[in-house]
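A short write-up of the structure that comes next.
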């Protein structure tokens with residue numbers, strides 16, 4: 001079987017996937033979820049809104065793809081933010097798939113990277129541009145995301161995945177809906 005490739009010859013995976021990003025048999029596309037395009041170009045505000053929506057729908061794998069697209073096109077100063085959020089989404093994906101160890105590891109790794117973003121010195125500006133405050137970039141509530149991710153990782157490490165309420169695996173990124 002030949003591998004899916006884009007017009008430039010880069011490998012792509014056009015197989016249908018379920019809500020948690022697991023590949024499905026090509027013969028069963030009706031069970032698949034809408035794919036995030038491999039070449040998605042997205043702005044920070046749009047990435048924050050779409051990733052928030054996907055996380056609340058219980059689709060962290062797809063949120064990860066959106067956050068990864070934002071990370072790849074973000075200005076250098078924001079890359080730790082987007083990469084960390086993408087890792088948190090992967091941690092949620094692992095939790096939903098039943099992989100406690102992977103979930104805790106990725107949640108921890110993601111929160112560390114987002115904290116690196118927060119700890120960077122801010123540009124010398126009297127008024128930061130709207131949407132670029134370190135605690136609420138693009139309307140995202142970073143302190144709440146970090147607290148929820150830290151708490152979830154600790155509970156998974158301590159008790160596993162069995163008694164986690166589903167709501168704990170559908171965090172909100174945006175400060176306001």
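General remarks:
- Yes/no for residue 80 being touching a residue at least 12 places away in the same chain (Cβ under 8 Å), touching a strand residue (DSSP E or B) at 6+ places or on another chain (Cβ under 7 Å) and either surrounded by 20 or more Cβ atoms within 10 Å (Cβ to Cβ) or under 21 Å from residue 136 (Cα atoms) (or both): no
Listed here are the residues, each with its yes/no results for (1) within 10 Å of the chain's Cα centre (by Cα); (2) at pLDDT 95 or above; (3) crowded, with 19+ Cβ neighbours inside 10 Å.
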{"position": "76", "(1), (2), (3)": "no, no, no"}
{"position": "90", "(1), (2), (3)": "yes, yes, yes"}
{"position": "93", "(1), (2), (3)": "yes, yes, yes"}
{"position": "102", "(1), (2), (3)": "no, yes, no"}
{"position": "105", "(1), (2), (3)": "no, yes, no"}
{"position": "110", "(1), (2), (3)": "yes, yes, yes"}
{"position": "115", "(1), (2), (3)": "no, yes, no"}
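Results for (1) crowded, with 17+ Cβ neighbours inside 10 Å; (2) touching a helix residue (DSSP H, G or I) at 6+ places or on another chain (Cβ under 9 Å); (3) closer than 23 Å to residue 90 by Cβ; (4) modelled with pLDDT of 95 or more, shown as yes or no for each residue.
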position: 123; (1), (2), (3), (4): no, yes, no, no
position: 128; (1), (2), (3), (4): no, no, no, no
position: 131; (1), (2), (3), (4): no, yes, no, no
position: 140; (1), (2), (3), (4): yes, yes, yes, yes
position: 152; (1), (2), (3), (4): yes, yes, yes, yes
position: 157; (1), (2), (3), (4): no, yes, yes, yes
position: 161; (1), (2), (3), (4): yes, yes, yes, yes
position: 167; (1), (2), (3), (4): no, no, yes, no
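The values are calculated or read from the model by the stated rules, or taken from the named source; none is laboratory data. Treat the numbers as computed from the prediction; the structure is a model and nothing was measured. Backbone-built Cβ (ideal geometry, glycine too); neighbour counts: all protein chains shown.
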